Amino acid sequence: MTDTVITGAKVVRPDTGTVDEVDIAITDGKISDLAVGLAASAEPTTVFDATGLIAFPGSVDAHTHMGIYNPLDQDATSESRAAAQGGTTTVLNYMRTGQYYLNRGGPYAEFFPEVLRLIDGRSYVDYAFHLAPMQASHIDEIPMLATEFGVTSFKIFMFYGGHGLHGASDDQASFLMTPPDERYDYAHFEFIMRGIAEARQAHPELADVLSLSMHCESAEIMTAYTKLVEAEGSLAGLAAYSASRPPHSEGLAVTVASYLAHETEVANINLLHLSSAKAMDAALRMSRCFENVDFRREVTIGHLLVDIETSGDPWGKVNPPIRPRSDVEALWEHVLAGEVDWVVSDHACCRAEAKVSAENPDDIWLAKSGFGGTEYLLNGLYSEGTKRGLGLPDMARLLSWNPARRYGLGTKGTIGVGYDADIALLDPGVSHVVRAAESESSQGYTPFEGQELTGRVSHVWMRGQRILSDGQVVGSPLGQYQKRPT
C-alpha cells in the first residue's frame, strides 16, 4: 500500500529535463509511481496537497564542512537541521586529519570510524564524506577507504603547502599534524593522483565514482600578495582579502592541477568553488587541453549571491574569497551557459564569537575563514536564477542530479520511480528577507543578511519521512550514512 501521495505540485525532473504536473507516490521510502490521479487510485495512507508549489528533488549539497569549527557531534545536529530547512536531503562533508575537525592525526583506519561514531544518530539529513590524504600513508589507505567504508571521493588543498587556513603560515607540519619528514606539496599531490588512478585500475567497478577534488589556490602567490596588500594599505576588509588571494592564483593552481591529472591519468577531477572569471577561464581551457580528464566545475551559492561590497566585513571571509561584482556576473554567465556542473554551499559554521578577533573584530586578517549557507542553497539559486532565466530542470541538475551522479549516490538526485523519496517543496509565491535569527544553524549571522529572496522551501521529505513541515524542522534525526556507490 502506498504511504504518501503528493498531489498538485509542478514536479521538476532533471534527468528528463521536464517539469511535469503529476502526482508523486511514495512507498517504503522510495518513489513508487508518477502519474496523474494517484491520490484517488493508489489508496494512500496520506495525501498531501501541494497545489501551487514546485517539487524539487532534495538538494545534494556536495560541499560542506560540518565539524570544522565546532565538535562534529554538535554540528551534525544543528547544521543538518539548517540543511533540511533549505531543502537539502544529503550532504557530502569534507574531512581531514590535522588541526580543526577532530584535531588529531594518524591513519584513517582509526580516524574515520570515530567520525562515523560521532555523527551516527545525530543528523537530520543523509550524509557521506570526502577525505583528504594528508600524508603518504593515507594514499595507501585509498583502496581500503573505497571498498570497506564506501568513501569514493578525495581532496587536495593546494594552498596548504605554504599557507594556513586563515592566512600566511610557515608551520604546516604542526597545523596538518603530518610526519616531520614529509611535505604537503606538488609531489604529494602527484602521488595522491597516482594512488587514485591505481585504485581505479584495481577496482574497475568503482572507476566511474572514484574522483579527486581540488581546492585550487597557489600558496606562493597568495603569500606574496598578502604582503603587498598589507604594505600598500589602501584596501580593507573583503576587498583587501580578495586582492591578497588574487584570481590568477586560482587560475595558476587550476592549470598545475590539470596537468598533473593528465600526467597521472587520474581521470575524474572536481575543481571546487571556482570564484572568479580567471579561475573559470582556466578551468575551461584545461578541459579543452586535456580531453582525457573528466573535469567537473563547482561554484558556491555564496559566490553567486554576494560580492565584496554586499557580504559584510568580515563575516563574508572565505577561501577562495568573495569577489568583486564583475566576477559574480562572470560566474552567472558560465552557469547560464551550462559550464558549471553543480552549485554547493561550502557550509562551514563558524560562530560569531569565533569568527572575529575579540581584540580587533574589524581586522580581516585576524578573522577566520568560512561561513554557513546550506539553508539558502535551493532558495538562493531559485531566487536569483529565475531572474536570470535559469530553467527549473537546470536548477535541479546543478543542485541534485549532477553531484549525485558524480559522487556515486545512485539512489539520489531526481524525482523518479525507484529513487529515494527525497523531495523539497518550494513556494514560488512567497518572498522573504534573510535573517540569521531564523536559521536553524548555530552560527548566529549570515553574509546574506537582509537579502530578499523569491520563493521559500516549505516542506521536505527524506526517504519518504517528513523532515520539514511549514518551514519548521520536525521529527527526530533520521539521516543515514551513504556508503558509496549506493
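The values are calculated or read from the model by the stated rules, or taken from the named source; none is laboratory data. This one's a predicted model, so the numbers in the text were calculated from it and none came from an experiment. Note: ideal-geometry Cβ built from the backbone for every residue, glycine included; neighbour counts use all protein chains shown. The area values use the complete protein model at the heavy-atom level, side chains included, leaving out ligands, DNA and RNA. Shrake-Rupley method; radii C 1.70, N 1.55, O 1.52, S 1.80 Å.
Quick notes
- Within segment 196-248, the set of residues being in contact (Cβ under 8 Å) with a residue 40 or more places away in the chain, among the hydrophobic types (A, V, I, L, M, F, W, C), in a helix (DSSP H, G or I) and more than 18 Å from Pro321 (Cα to Cα) comprises Ile196, Ala197, Ala199, Ala202, Leu206.
- Residue count for segment 276-308, restricted to those that are within 28 Å of Gly450 (Cβ to Cβ) and without any contact (Cβ under 8 Å) to a residue 24 or more places away in the chain: 1
- Yes/no for Gly29 being open to solvent by 20 Å² or more (accessible area, probe 1.4 Å), touching a residue at least 40 places away in the same chain (Cβ under 8 Å) and not aliphatic (A, V, I, L, M): no
- When Gly251 is tested against the conditions (1) surrounded by fewer than 20 Cβ atoms within 10 Å (Cβ to Cβ); (2) assigned to a helix (DSSP H, G or I), the lone failure is (1).
- Being within 27 Å of Thr45 (Cβ to Cβ), open to solvent by less than 30 Å² (accessible area, probe 1.4 Å) and hydrophobic (A, V, I, L, M, F, W, C) is a property that holds for Ala424.
- Residue in segment 342-356 that is small (Gly, Ala, Ser) and at pLDDT below 95 present: yes
- Residues of segment 254-291 classified as closer than 17 Å to Ile308 by Cβ and either part of a strand (DSSP E or B) or open to solvent by 10 Å² or more (accessible area, probe 1.4 Å) (or both), total: 2
- Taken together, Gly67, Gly52 contain a single residue that is in a loop (DSSP other than H, G, I, E, B), open to solvent by 20 Å² or more (accessible area, probe 1.4 Å) and of a type in the set (Gly, Ala, Ser), which is Gly52.
- Any hit, segment 443-453, residues being open to solvent by less than 70 Å² (accessible area, probe 1.4 Å), closer than 30 Å to Val151 by Cα and not in a helix (DSSP H, G or I): yes
- Restricting segment 70-106 to residues that are in a strand (DSSP E or B), touching a strand residue (DSSP E or B) at 6+ places or on another chain (Cβ under 7 Å) and not hydroxyl-bearing (Ser, Thr, Tyr), the residue that is nearest to Ala396 (Cα to Cα) is Val91.
- Some residue of segment 458-480 being surrounded by 20 or more Cβ atoms within 10 Å (Cβ to Cβ), under 20 Å from the mean Cα position of the chain (by Cα) and basic (Lys, Arg): no
- Test: residue in segment 404-418 that is in a helix (DSSP H, G or I), surrounded by 18 or more Cβ atoms within 10 Å (Cβ to Cβ) and of a type outside the set (D, E, K, R): yes
- Condition check for Arg323: outside any helix (DSSP H, G or I), closer than 28 Å to Tyr376 by Cα, open to solvent by less than 10 Å² (accessible area, probe 1.4 Å) and touching a residue at least 60 places away in the same chain (Cβ under 8 Å): yes
Conditions (1) open to solvent by 10 Å² or more (accessible area, probe 1.4 Å); (2) within 20 Å of the chain's Cα centre (by Cα); (3) modelled with pLDDT under 95, marked per residue:
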{"site": "Glu79", "(1), (2), (3)": "no, yes, no"}
{"site": "Ala82", "(1), (2), (3)": "no, yes, no"}
{"site": "Gly87", "(1), (2), (3)": "no, yes, no"}
{"site": "Leu92", "(1), (2), (3)": "no, yes, no"}
{"site": "Arg96", "(1), (2), (3)": "no, yes, no"}
{"site": "Arg122", "(1), (2), (3)": "yes, yes, no"}
{"site": "Gln135", "(1), (2), (3)": "yes, no, no"}
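- Of all residues in segment 174-187, those that are touching a residue at least 24 places away in the same chain (Cβ under 8 Å) have Cβ atoms under 7 Å from Cβ atoms of residues that are open to solvent by 60 Å² or more (accessible area, probe 1.4 Å) and among the polar types (S, T, N, Q), 6 or more apart or on another chain, in Phe175/Gln99; Met177/Gln99.
- Scanning segment 180-195 for residues that are assigned to a helix (DSSP H, G or I) and touching a Gly at 6+ places or on another chain (Cβ under 9 Å) turns up Tyr186, His188, Phe189.
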